[in-house]
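Visitor: The structure's right below; bear with me while I get my questions together.
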Amino acid sequence: MISTAHLNTLLNAPSIEELWDMHVAQMADYGFDRVIYGFTRYRTSTSLGDPDDFVLLSNHSPEYMDTFIGDGLYHHAPMVRWALDNEGACSWRVMAEMLETDTLTAQERKVVDFNASMGVTCGYSISFKSMSPRTKGAVALTAHADQDQAACDKLWDKHGEDIILLNNIVHLRILTLPYEAPGRSLTKRQKEVLGWVGDGKTIQDIALLMELTPATVEKHLRLAREALSVETTAQAVLKAAFQNQIFVLET
């Protein structure tokens, strides 16, 4: 049974880091000691967008993440494919069924073999409901290495609804908290000038408000575009707002 106190703690977590630490500990209590959460706002029919723009959280080992994400294996992961085409929760027993029916591609088999070598063999995936065709979020819950899928399914029969609820809450909470992707962070000045642009202020207005020269304001905007890897200031404002880097209270 999930306590009201725990739900309130999740809902009032002041940062993604604290929220994630609590969630990882809770999932470990349920028997899932390794977790990957991913979210993108830049999905198209052929891509999930630049990985540097993903909200990506995990307590897997660096060795696992460097290969699975860094080397792009996630592109061909069977459960990632499932998450993109579905919503809700799914047992990883479907991968065993795919192997038995020979419906995996050679690239997907490579991912399954890699996961097996890293002890990522049983668990559940949850694909969150998307409100836009450009967005997709999902979480992969990996069970303890000494578990098998049958034991994992039995655990899910007992606690699955609670686990889905907790992951949905954490997912929705992550979307409201500031997130700075590696290599995509902004300085305080850059956030401020983007915020004023979002309010409809001109370069001259911002210079007066911040007591800077127009050239300095332009410099901050250029550096913000470079940091966020976009071409226009409008794109920079949108991306910074998506990441909750502007229009937020300082903690």
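The values are calculated or read from the model by the stated rules, or taken from the named source; none is laboratory data. Everything quoted here is computed from the prediction, not taken from an experiment. Cβ placement follows ideal geometry from the backbone for every residue including glycine, while neighbour counts extend to all protein chains displayed. With ligands, DNA and RNA removed, areas are computed over all heavy atoms of the protein, side chains included. Shrake-Rupley method; radii C 1.70, N 1.55, O 1.52, S 1.80 Å.
Visitor: Roughly speaking, what is the centre-to-centre gap between the range 1-80 and the range 172-245 when only Cα atoms are used, to the nearest Å?
Guide: 26
Visitor: Hey, another quick one. Does the range 210-249 classify as rounded, prolate or oblate by the C-alpha gyration tensor (a ≥ b ≥ c root eigenvalues; a/c under 1.5 gives rounded; else a/b over b/c gives prolate, otherwise oblate)?
Guide: Oblate, since a/c reaches 1.5 and b/c is not below a/b.
Visitor: Among all lysine pairs in the chain that are eight or more places apart or on different chains, how many have alpha carbons less than 27 angstrom apart?
Guide: Taking the chain as the scope, the lysine pair count is 15.
Visitor: Return one number: the angle in degrees, 0 to 90 and rounded to the nearest 10, between the long axis of the Cα atoms of helix 188-198 and the longest principal axis of the Cα atoms of the chain.
Guide: Long axis of 188-198 versus the principal axis of the chain: about 80 degrees.
Visitor: Further, regarding this structure: May I ask which residue of His6, Thr103, His144 lies farthest towards the positive end of the charge dipole of the chain, with charges of +1 (Lys, Arg) and -1 (Asp, Glu) on Cβ and the Cα centre as origin?
Guide: Selected residue: His6.
Visitor: Out of the range 73-148, which GluC sites (Glu not before Pro) are coil in DSSP terms and have no more than 14 other C-beta atoms within 10 Å?
Guide: Glu87
Visitor: Working with all protein chains in place, sort Met118, Met1 by solvent-accessible area computed with a 1.4 Å probe, largest first.
Guide: Ranked from most to least accessible, the order is Met1, Met118.
Visitor: Same structure again: Taking H placed 1.01 Å from N in the peptide plane, check which residues at least 5 places from Arg34 or on another chain put their amide H under 5 Å from its amide H.
Guide: Close amide H contacts, sequence-distant or interchain: Thr142.
Visitor: Now a separate question. Length gain on complete extension for the stretch Ile2 to Thr216, per 0.36 nm per residue less the alpha carbon to alpha carbon distance?
Guide: 71.9 nm
Visitor: Roughly how many Å² of Val197 are accessible to a 1.4 Å probe, to the nearest 10?
Guide: Counting only protein heavy atoms, Val197 exposes about 40 Å² to solvent.
Visitor: Could you please state how large a percent of the accessible area of the chain is carbon and sulfur, counting protein chains only and using a 1.4 Å probe?
Guide: The computed percentage sits at 54.
Visitor: Cα-Cα pairs above 28 Å in the chain: how many percent?
Guide: Taking all Cα-Cα pairs of the chain, the fraction more than 28 Å apart is 40 percent.
Visitor: Quick one: among Leu155, Leu186, Leu141, which has the greatest mean-square fluctuation in a GNM of the chain with alpha-carbon springs under 10 angstrom?
Guide: Leu155
Visitor: If each residue of separation counts as 0.36 nm, what is the full-extension length gain between Thr103 and Asp21 once their alpha-carbon separation is subtracted?
Guide: Contour length minus Cα-Cα distance gives 25.8 nm.
Visitor: Follow-up. Once the cut-off is 16 Å, how many percent of the Cα-Cα pairs in the range 1-66 end up in the long-distance tail?
Guide: Result for the distance tail: 59 percent.
Visitor: For Thr121, tell me the accessible area in Å² from a 1.4 Å probe, rounded to the nearest 10.
Guide: 70
Visitor: Using the Karplus curve 6.51 cos²θ - 1.76 cosθ + 1.60 with θ = phi - 60°, work out ³J(HN,Hα) for each residue of the range 20-30 in order, rounded to whole Hz, and write x for Gly and Pro.
Guide: For the range 20-30, the Karplus curve yields 5, 4, 5, 5, 4, 5, 5, 5, 5, 4, 7 Hz.
Visitor: To continue, here is another question. Rounding to the nearest 20 debye, state how big the charge dipole of the range 99-185 is about its Cα centre with +1 on each Lys and Arg Cβ and -1 on each Asp and Glu Cβ.
Guide: Value, rounded to 20: 580 debye.
Visitor: Could you give the nm distance between label points at Met65 and Thr176, where each point is 7 Å from its Cα heading toward the beta carbon?
Guide: Taking the simple label geometry, Met65 and Thr176 are separated by 2.5 nm.
Visitor: Put +1 on the Cβ of each Lys and Arg and -1 on the Cβ of each Asp and Glu in the chain; which of Leu84, Phe247, Tyr179 then has its Cα farthest toward the positive end of the dipole?
Guide: The listed residue farthest towards the positive side: Phe247.
Visitor: Given R₀ = 30 Å, what would the calculated FRET efficiency be for Glu226 paired with Ser130, taking r from the Cβ atoms and rounding to 0.05?
Guide: Efficiency for this residue pair is about 0.50.
Visitor: With a ≥ b ≥ c the root eigenvalues of the C-alpha gyration tensor of the range 18-167, is it rounded (a/c under 1.5), prolate (a/b larger than b/c) or oblate?
Guide: rounded
Visitor: With θ set to phi - 60° and the Karplus curve 6.51 cos²θ - 1.76 cosθ + 1.60, what are the ³J(HN,Hα) couplings of the range 39-53 in order, to the nearest whole Hz, using x for Gly and Pro?
Guide: Calculated HN-Hα couplings, in order: 8, 10, 10, 10, 6, 10, 5, 10, 7, 9, x, 5, x, 5, 9 Hz.
Visitor: Using unit Cβ charges (K, R positive; D, E negative) and no other charged atoms, how large, in debye to the nearest 20, is the dipole of the range 18-131 about its Cα centre?
Guide: 300
Visitor: Just the accessible area per residue of the chain, please: how many Å² with a 1.4 Å probe?
Guide: About 53 Å² of surface per residue is accessible.
Visitor: Further question: Applying 1/(1 + (r/R0)^6) with R0 = 30 Å to the Cβ-Cβ distance of Ser47 and Val248, what FRET efficiency is obtained, to the nearest 0.05?
Guide: With a Förster radius of 30 Å, E is 0.60.
Visitor: Taking the Cα centre of the chain as origin and charging only Cβ (+1 Lys, Arg; -1 Asp, Glu), how large is the dipole, in debye to the nearest 20?
Guide: The dipole of the chain has a size of about 800 debye.
Visitor: Hey, another quick one. Would you calculate, for the chain, the mean residue ellipticity at 222 nm contributed by helices, counting each DSSP H stretch of 4 or more residues as -39,500 (n - 2.57) and dividing by all residues, to the nearest 500?
Guide: Using -39500 (n - 2.57) per qualifying helix, the result is -15000 deg cm²/dmol.
Visitor: I've got another one for you. Run the numbers on the range 1-96 and let me know its relative contact order in percent, using alpha-carbon pairs under 8 Å that are six or more apart.
Guide: About 16 percent, as a whole number.
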